[in-house]
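Notes to accompany the following structure.
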Amino acid sequence: MDALYTAVATANGREGRAVSSDGKLDLPLGFPKALGGNDQGTNPEQLFAAGYAACFASAMGSIARQEKIDVSDVSVTAEVSIGKDETDGGFALSVVMRAELPDHLQGAPGEELLKKTHAYCPYSKATRGNIQVDLVIE
């Protein structure tokens, strides 16, 4: 692959900081209360959810433009969960990708658009076969 852009960020653990090389991202990290933390910073799951939702929405826009579908009123929410991985005793992620679609995209047209978006989105490609991703139309 010929890279068109490379993002660079450095973190020093779940209770440290995450900083991008250009300084546009610089934020404290912390464990959420659900994982025994004090909830004093963002966490990797939130960052992944934000990135995946943004990428998925952008991919949907690309597909929609090709197919001349209006997605101007669409929003995408990624729910990223972390839990125990029974296979190795560590942790694993799962995602529920929720797309709020207008009436003209409810049912089969929306399902087809989500399927095509999931096949096209770089985050979906990166996670395919590695974590469970459920697509939900709202």
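Among the residues of the stretch 75-104, just one is in contact with an Asp or Glu (Cβ under 8 Å, 6 or more places away or on another chain), among the charged types (D, E, K, R) and surrounded by 15 or more Cβ atoms within 10 Å (Cβ to Cβ), namely 98. Note on the stretch 104-117: residues that are of a type in the set (Ser, Thr, Tyr) and at pLDDT below 95 amount to 0. Filtered by the rule that a residue be farther than 18 Å from residue 126 by Cα and in contact with a helix residue (DSSP H, G or I) (Cβ under 8 Å, 6 or more places away or on another chain), the stretch 78-104 gives 99, 101.
The values are calculated or read from the model by the stated rules, or taken from the named source; none is laboratory data. Only a predicted model underlies this, so the values are computations on that prediction, with no experimental measurement involved. A quick note on method: Cβ atoms are made from the backbone with ideal geometry, for glycine too, and the neighbour counts reach across all protein chains shown.
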